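Heads up, the thing below is written out as structure tokens.
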């Protein structure tokens, strides 16, 4: 059987021969020889591998189980050691000093928010009243230079035949009151008076007729 070195040398010789100037026929023949050699080489490798595996399986099957050896003689008993001395009891540790008692915490105070809620409610009521008192119709500027002008406030949409006091926009005084309820007129300081921002009609004014719903009341004031 060729050694591995001899096989490699043979393959090298074949490749060297192919490298020379060969005819097409010689090249094909050489190439076919290489193919046949490779196939034969693979077959030999497989055959050698199969033979080696067969020998390995045979060797394993021929291995017999070994016999257990006899127990060894029991040795003499060793001398017992002396008992060790008991250790002394440890001393009790001293009690640690007690720390000072903590101070009692102060009771948490529950803040009384009632006054704040009352202020918020009053503010809300005041704002709602201001919105309600804003005339539905725009205030008309009649005349007057600078910051002081004569303006008109239409309170017709607030008439209900019962109410005699009506809140006006901020002003410096009422000039006059004009109404569609003819032939009635409203005389200043006699038929009405001004209390803060409110115009109050006198008791002599007949609300069901002079301040009835559907009438027109225009208040002229200075601002």
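Return the only residue of 131, 74 being in a helix (DSSP H, G or I) and modelled with pLDDT under 75. I'd like the intermediate steps shown before the answer.
On the way: 74 fails: in a helix (DSSP H, G or I).
Testing whether each residue is in a helix (DSSP H, G or I) and modelled with pLDDT under 75 leaves just 131.
Taken over the stretch 165-185, the residue count meeting the criterion of being under 10 Å from residue 210 (Cα atoms) and either touching a residue at least 24 places away in the same chain (Cβ under 8 Å) or in contact with a strand residue (DSSP E or B) (Cβ under 8 Å, 6 or more places away or on another chain) (or both) is 5. For the stretch 164-214, a tally of residues being closer than 24 Å to residue 149 by Cα, loosely packed, with under 15 Cβ neighbours inside 10 Å and touching a helix residue (DSSP H, G or I) at 6+ places or on another chain (Cβ under 7 Å) returns 0.
Number of residues in the stretch 150-164 that are under 57 Å from the mean Cα position of the chain (by Cα) and touching a residue at least 60 places away in the same chain (Cβ under 8 Å) equals 6.
Does at least one position in the stretch 177-196 carry a residue that is in a strand (DSSP E or B), modelled with pLDDT under 95 and within 58 Å of the chain's Cα centre (by Cα)?
Of all residues in the stretch 177-196, those in a strand (DSSP E or B) come to 177-179, 186, 188, 192-195.
After this cut, where a residue has to be modelled with pLDDT under 95 as well, the list is 177-179, 186, 188, 192-195.
So of that shortlist, the ones also within 58 Å of the chain's Cα centre (by Cα) come out as 195.
The answer is yes; a qualifying residue exists.
The values are calculated or read from the model by the stated rules, or taken from the named source; none is laboratory data. The structure presented is a predicted model; accordingly, all values stated were derived computationally and were not measured. Here the Cβ is made from the backbone with ideal geometry for all residues, glycine too, and neighbour counts use every protein chain on show.
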